[in-house]
Amino acid sequence: MSQQSYLRKPEWLKIRLPRGEEFAKVNSLVKKYHLNTICTSGNCPNHADCWERGTATLMILGDTCTRACKFCNVNTGRPLLPDSEEPLKVAQTVKELNLKHCVLTSVDRDDLPDGGAAHWAETIRQVKALNPGTTLETLIPDFDGKRELVQVVIEAAPEVISHNLETVRRLTPQIRTKAKYDTSLQVLGYIAQSGLTAKTGIMLGLGETEEEILQTMDDALAVGCKVFTIGQYLQPTRQNHPVMQYVSPEKFEEYGKIGLAKGFAFVESSPLVRSSYHAERHVASFKKE
């Protein structure tokens, strides 16, 4: 194990334990409908904060991913068949939580002929039918870059479609299993060309340079991406990629300002930022345009 694996976590990354009535309510509904959340599966540091605000990122298509990315804590292996009742369960959960904005994500399902695209679209339709006043962000996989599958999600018309680059071009082969940097850019381009809001995000602390971070911003902008998130990578387990650097809050703030100056409509940049954190702000920013 490399020495970098044992970098001491700085004070600004300390995470408080969950508590409160809203946390209990979200937890109860997730268990009631046997749903998965990236909050728990991904060991998200904002788990307590989001659930106490009555929000959660619901993860569809099971809790087992067909890929094994080096940064991720989600189970990997051979998934079960998709739950045909899941779209309605998700819609009911959104309704019971009275969400004004909902974020959906999923595991990769390379085992399915359509990568889960039809299930994605049905879930979006069910959420919108039962919650007509709720805006929706979907954090989708790359669908192997197959435009026709991305189009299935686009036609379901969520307000924002997000697909994360996760890291810079040079580190992508080390960090992401099967996914390719240029494929992800193509997916973001398809989304932007459709007229929907395209969003992406990266993690810092994996060994990238500042020049590479700025180039990644430029690459995302070049394909029409409007929203960019930047957060600190935290190593979930000793089997995951080690943290190479903890980036200071001041540096994150600087990157946020640079991103806005480059032309993004919205940039969320701080150590504990994750793609879905405060996602309701991203929709609000476009309503102002």
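The values are calculated or read from the model by the stated rules, or taken from the named source; none is laboratory data. Quantities reported herein were computed from a predicted structural model and do not represent experimental measurements. Positions of Cβ are backbone-derived with ideal geometry, glycine not excepted, and every protein chain shown enters the neighbour counts.
Key figures
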| quantity | calculated |
| --- | --- |
| Some residue of the range 191-202 being over 27 Å from residue 75 (Cβ atoms) and either assigned to a loop (DSSP other than H, G, I, E, B) or in contact with a Pro (Cβ under 7 Å, 6 or more places away or on another chain) (or both) | yes |
| Any hit, the range 203-222, residues being modelled with pLDDT under 95, among the hydrophobic types (A, V, I, L, M, F, W, C) and outside any helix (DSSP H, G or I) | no |
| Qualifying residue in the range 121-132 (condition: over 19 Å from the mean Cα position of the chain (by Cα), assigned to a loop (DSSP other than H, G, I, E, B), more than 22 Å from residue 78 (Cβ to Cβ) and of a type outside the set (Asp, Glu)) | yes |
| Filter result (among the aliphatic types (A, V, I, L, M) and within 27 Å of residue 68 (Cβ to Cβ)) within the range 84-123 | 90, 103, 104, 107, 112, 117, 118, 121 |
| Pair list, Cβ < 8 Å and 6+ apart or interchain, from the range 61-83 residues that are part of a loop (DSSP other than H, G, I, E, B) and at pLDDT 95 or above to residues that are of a type in the set (A, V, I, L, M) and surrounded by fewer than 18 Cβ atoms within 10 Å (Cβ to Cβ) | 82/112 |
| Filtered residues of the range 218-242 (kept if of a type outside the set (S, T, N, Q) and surrounded by fewer than 22 Cβ atoms within 10 Å (Cβ to Cβ)) | 218, 219, 221, 222, 223, 224, 234, 236, 238, 242 |
| Pick from the range 140-160, criterion closer than 14 Å to residue 109 by Cα and not small (Gly, Ala, Ser), ranking: surrounded by the fewest Cβ atoms within 10 Å (Cβ to Cβ) | 144 |
| Condition broken by residue 148, with the remaining ones in (1) closer than 22 Å to residue 102 by Cβ; (2) free of Cβ contacts under 8 Å to residues at least 40 places away in the same chain satisfied | (1) |
